[in-house]
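Since the structure comes first, as structure tokens, the remarks are kept for the end.
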Amino acid sequence: MHSKINARSKSTDGVASFIFRCPCLTMILSLILVLFFLMIMSGTGLKVTLAPNTWYDTSNINTLEQFGFQAGYDQWAEMMTASSVSAAAADADSGNTTRTQTLDRLFLIFESEDGATLLEKSKLEFMKKVQDDFFATTDFPDWCRLDAEGDGSCFGYTSLFDNSAAGSFFDADGNIKPEAEWDSIISSTWCSDASTKTALSITMVDKDFSCDNSVDPFKVTYFKSFLDFGGPLEGYESVQRDVAEQHRELGNGYISIVAAPIFKKDQKTANDKGINLYFGGLNPVGGVAYGTVLSYLMADMMLATGSMFFVFLYLLFSLRSLFLSAIGFFEIIVSIPMSFAIFAILGNSYVSFLQFMGLFIIMGIGADDIFVFMDAYTQSMREMHIEDDEEKFLNCYSRSAQAMLVTSCTSGIAFFATAISPIPAVSAFGITMGFMVFCDFFLVITWFPAGVLIYEKYLKYFFNPEGKRKITAEETIANTMKPKLGKVETWFNEKFMGWQEKEAFGKNLIYFFVALIFVCFGVAASSLKVTGDLPANFSDEHPFTKFRELSTAAFESSGGIPKREVSIFFGVDAKDPVNRDGLDPQGDTLANYANWDADHALTSHEVQSAISELCTSVAADSDLVFNNEVYCFVDDFKAYLTNRGLSWADETHGELILSPGFMDYQRLLFVQRYATGGQKTGVVVDGHSLNTTTLGYELNTGGAGDLNAFSYITFNSTLPLKTNELSLGEMAEVWGKWQDHIDTHNAAHPNAKGLQFCLIWYFMRAGEAIVSTTLVGVTISLVFAAIVLVVANANYIIAGLALLTILAVIACVSMMMVILGWSIDFLGSVCLIVVIGLAVDYTVHFCHSYTHSPEESQFSRTKQAAREMGVSIVSGAVTSFGASIFLLPTALTFFRQFGTFMCATIVFSLILSIFFFLSLTTHYGPERRADGNISGGDIACLKKKHNKISVGVK
């Protein structure tokens, strides 16, 4: 007597029958579809973006912060281009503008490794060699800033190692001057006297350098040099137009593939000489910074080859066939460009670096599906009660396709749930990964089964014809009655289930894991902090992080005292400051235009006076402002008028605040303040800021009158530099205090309304969005997982046990986040949503096998599920873990942290699905009665389809 589950559907039977009868045609049709998507992918022109816009939400939640964020970046860009203003004006007059202005600037920082002075002959010669070798590269003249007023050659470094430059130790021939002359050079060019530094040493030498060598000799521990890249690039009209495209071209075409590799090689040589070399760009949205980060991203993606190699080798080890391994590996790989093609079809043009993680993730998910199908195929071929091979294949296909559909739906929907995030990069990651999972599912139920049939029919015995002998009936019966089990299957069937026979073993495990769930959730609820932090690009010790840190801390010209500024803007509609309609959420353009406040009139003495009063009153609030430090353009305007022999108090010179003379005065103050760590304040006229760059969009009158200008003031606040030092509630409390000042001012002066901006407020808004979207995303994932489990198993008991196991995985991941010091930020929110989709896979496979087992007792059904699915689950875990482990040595923090999350989730899921879920089914799973029906938990409307038993003698 043999009982079997008849759980096949007509739809899967139809597809399976077509694949069985026409495997070659199936592979051809699948390949045509793949090629179609590859053609779309190649023609989409998707562009990689590292622009900050990719971390902005697409709703109105951060429009105030976005305006300030862009303005801040624009002002930083002003400093980068300050030295080329006069040349730009001359070039514009002559009509010759190609690469005669500064597009971006590359900085080099040399650090003494052991704190010893860098004023040694060998070290100075090495630092000069680094600069000269790079300047001499064949590609550099195609990107350098050109000297339009001279012979049209490249501008060299601004450096103390430049030949015959003021303060340099090298003569016109590039030879180092005698050491006896060094003190004289320093005293005469680096210092005005024993206590005063010149602008040269302030800019190029560390802030701890002292001009007094009466006791100790001169000592330098840091040198800084910089080199300009020219703009506009060929084919562009101006550095102010198509800014993002020019910076991307610089980053893609030169920095990432030429400059960065050269300096990375120099870094290794420098270390041997006791010098640390750091390089990069200070403009966060510039081509140098973009190209530098991109070079590290490219290096990280090279680790993906290790991930792919590992997965392919494990497929080869498990499948014992080069052909099957190759077609399976091909199916996994092509799902990546297919998903990006769909992403492009949906109207997207930009790809953020988060989406590149899909390569590592799909490796494990895709291999897991392959193992599920192959194990189902192997087991179906051993069924002695079915003689027809097509019937066996139909059984195999139905069983595996249903199991893979459940896991693909839960994983795919979990990824799609992250798409509700208002953060474009996170949303794009979820969309791409969701489609990647379903593309892989499509290929694993079409391309791969057809390949297996072709292999079995034509290739398996091609090199071994003798192996294709007919298996006798006796051998078939013997193999089926007592099939040969592998080591993993034997462990599950004998060792593990031997433990489960002891009632105390399983129940103690259940008690332990239930207690663990409560403890983990309790600790996570009390310890996990919501910060809304952006994922840091690199670790604290990474060379690029050190470069950014030293550029703002080691040199007085970069600002001696790090500050967390708060700015207040005037002249822009506080309720709707920017328009972003129709923009790609990951694109480089932050906004179409800024909306002008029609009631604002900056030339009015009343408005200027109101802003001046706000500067004074807020600066006096010691809880919010450090040491009364305020940068107020009205005070600057007063000083400007005084210098011209005019009096602001006369109330008759207000219109001069928009004059070119005051614009030049602001520019001078900006450079001076930058050299001493001061902050920014100013007036922007007709969409133009202090120099020649623009905000990247036009100020719009909105039909409310003629455009005037907008302006802003800046305070050195008492807020911490690191955003994760404040919880979401603490951020909101400080924001409220600032807003109280602004509300009071706005109520009294409706024609001078201000809106505040601080980078921390962006994280506050993002944190609020993260809380809501994470809760919604987790809820969607859990609800959908519950629905899929209930529908797939037609039993609420087994579905409930599976959901309890998923909750246990979430609890363990949450505890891990607490232990590692993570917060619920951009990365944490993604992890908490995605964990559900990843955690459900192994449990679902056990669940599916348990549900369709013809055995009656809880123990027997659990034993069959463990024996049948154990090897597939272990193999899937090995490939997923092996693919994810290559994320751990990556430079990008998000990759590395997500790799840690993936590895931990896989380990937790594997352990809990085996030891917790199988213990639950052993003791509390539904049993099957002798008539074939389940003893409890059945859902009537689904029961007939899933639990029908046919009994016959074979």
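Brief remarks on what is shown
- Convex hull (Cα only) mean projected area of segment 144-197, reported in nm² to one decimal: 4.9 nm²
- Inter-site label distance for residue 272 and residue 22 at 7 Å from Cα along Cβ, in nm: 6.5 nm
- In range of the label at residue 525: residues from segment 812-856 whose backbone nitrogen is under 17 Å from the point 7 Å along Cα→Cβ: 812-816, 818
- Theoretical FRET efficiency, 1/(1+(r/R0)^6), r = Cβ-Cβ of residue 193 and residue 722, R0 35 Å, to 0.05: 0.35
- For segment 762-776, Karplus couplings with θ = phi - 60° (6.51, -1.76, 1.60), whole Hz, Gly/Pro x: 4, 5, 5, 4, 5, x, 4, 5, 5, 4, 5, 6, 5, 4, 5
- Couplings for segment 452-459, taken from phi via the Karplus curve 6.51 cos²θ - 1.76 cosθ + 1.60 with θ = phi - 60°, read 4, 5, 5, 4, 5, 8, 10, 10 Hz in order; Gly and Pro are left as x.
- Taking each residue as 0.36 nm, the span from residue 820 to residue 629 lengthens on full extension beyond its C-alpha to C-alpha distance by 65.0 nm.
- Solvent-accessible area of residue 511 with every protein chain in place, 1.4 Å probe, in Å² to the nearest 10: 130 Å²
- FRET efficiency for residue 317 and residue 120, using Cβ-Cβ distance with R0 set to 56 Å, rounded to 0.05: 0.50
- Highest to lowest packing among 772-781, 259-268, 496-505, scored as the average C-beta count within 10 Å: 772-781, 259-268, 496-505
- Stretching residue 245 away from residue 166 to a fully extended chain increases their span by 24.8 nm, per 0.36 nm per residue minus the current alpha-carbon distance.
- Diffusion coefficient, µm² s⁻¹, Stokes-Einstein with Kirkwood Rh over alpha-carbon pairs of segment 786-850 at 25 °C and 0.890 mPa s: 194 µm²/s
- A simple spin-label model places the labels of residue 751 and residue 791 6.4 nm from each other, with each point 7 Å out along Cα-to-Cβ.
- Surface calculation, 1.4 Å probe, protein heavy atoms: residue 24 sits at approximately 70 Å² accessible.
- At R0 = 25 Å, FRET efficiency that the Cβ-Cβ distance of residue 302 and residue 39 yields, to 0.05: 0.40
- Based on the Kirkwood approach, the hydrodynamic radius assigned to segment 759-892 is 16.9 Å, with every pair of different Cα atoms included.
- Remark on residue 539: its backbone amide H falls under 5 Å from those of 893, a criterion applied only to residues 5 or more positions apart or on other chains, H modelled at 1.01 Å from N.
- Modelled this way, with points 7 Å down the Cα-to-C-beta line, the labels at residue 613 and residue 575 are 2.4 nm from one another.
- Compactness of segment 740-808, expressed as Rg and Dmax over alpha-carbon positions, Å: 23.1, 66
- For the set 565, 390, 856, solvent exposure ranked by accessible area (probe 1.4 Å, protein chains only) runs largest to smallest as 856, 565, 390.
- Potential extension, residue 458-residue 212 segment - 0.36 nm per residue separation minus Cα distance: 79.9 nm
- Relative packing of peptides 108-117, 543-552 - highest average C-beta neighbours within 10 Å first: 543-552, 108-117
- Neighbours of residue 229 by Cβ distance under 15 Å: Lys/Arg scored +1, Asp/Glu scored -1, total -4.
- Pairs with C-alpha atoms separated by more than 28 Å, drawn from the list 47/224; 128/722; 392/487; 273/722; 460/487; 219/268, are 47/224; 128/722; 273/722.
- Hydrodynamic analysis of segment 347-464 uses the Kirkwood radius over alpha carbon pairs. Inserted into Stokes-Einstein at 10 °C and 1.306 mPa s, it gives a translational diffusion coefficient of 99 µm²/s.
- Carbon + sulfur, % of accessible area of segment 819-939 - ligands and nucleic acids excluded, 1.4 Å: 60 percent
The values are calculated or read from the model by the stated rules, or taken from the named source; none is laboratory data. Note that the coordinates shown come from a computational prediction; the quantities given were computed from them, not determined experimentally. Ideal geometry is used to build each Cβ from the backbone, glycine not excepted, and the neighbour counts take in all protein chains shown. The area values use the complete protein model at the heavy-atom level, side chains included, leaving out ligands, DNA and RNA. Shrake-Rupley method; radii C 1.70, N 1.55, O 1.52, S 1.80 Å.
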